[in-house]
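Structure first, commentary second.
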Amino acid sequence: MNRDATIALRLLRTDEGGRKGPILPGILRGMMTFDGTQCHDFRARIDEDLYPGEARELDVAFLCPDLVAPKIVVGTPFVLMEGRPIGHGHMLACMI
């Protein structure tokens, strides 16, 4: 998997509107938004369960990095979406 960026992610707790269960190990196929209007698909490898309320650093690869590149720099905030916001974070490193 290519690495386009490294993110700091915190999942919302269930009582904050987040998931009811963890994101299981494997390849996370997710969507994030930087401006609240357009979502961008990404992939990230999850090595162990990621529970609601937990924070983690992840390497991500965007499906369309050319569309994302103009929107991100180190520190750019994002919201992780799964039909609704389930987490938030910011860019730690950008390689695109």
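The values are calculated or read from the model by the stated rules, or taken from the named source; none is laboratory data. Bear in mind the structure is a predicted one, so any value in this text is a computation, not a measurement. Cβ placement follows ideal geometry from the backbone for every residue including glycine, while neighbour counts extend to all protein chains displayed.
Numbers for the structure displayed
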| item | result |
| --- | --- |
| Some residue of region 59-74 being within 14 Å of L9 (Cα to Cα) and either at pLDDT below 95 or assigned to a loop (DSSP other than H, G, I, E, B) (or both) | yes |
| Failed condition for L11, given (1) of a type in the set (A, V, I, L, M, F, W, C); (2) over 20 Å from C94 (Cβ atoms); (3) touching a helix residue (DSSP H, G or I) at 6+ places or on another chain (Cβ under 6 Å) | (3) |
| Matching residues in region 11-41 - criterion: being assigned to a strand (DSSP E or B), in contact (Cβ under 8 Å) with a residue 40 or more places away in the chain and either touching a His at 6+ places or on another chain (Cβ under 6 Å) or within 13 Å of T76 (Cβ to Cβ) (or both) | M32, T33 |
| Selection count, region 51-96, where residues are of a type in the set (S, T, N, Q) and surrounded by 18 or more Cβ atoms within 10 Å (Cβ to Cβ) | 0 |
| Matching option when the condition is at pLDDT 95 or above, touching a helix residue (DSSP H, G or I) at 6+ places or on another chain (Cβ under 6 Å) and not aromatic (F, W, Y), among P77, P25, P52, P85 | P52 |
| D47 being closer than 21 Å to I96 by Cβ and among the acidic types (D, E) | no |
| Members of region 32-50 found to be surrounded by fewer than 16 Cβ atoms within 10 Å (Cβ to Cβ) and charged (D, E, K, R), listed by number | D35, D41, R45, D47, E48, D49 |
| Members of region 42-56 that are of a type in the set (G, A, S), closer than 14 Å to P25 by Cα and not in a strand (DSSP E or B) | none |
| Conditions (1) within 12 Å of D4 (Cα to Cα); (2) in contact (Cβ under 8 Å) with a residue 60 or more places away in the chain; (3) β-branched (V, I, T); number of the one not met by I86 | (1) |
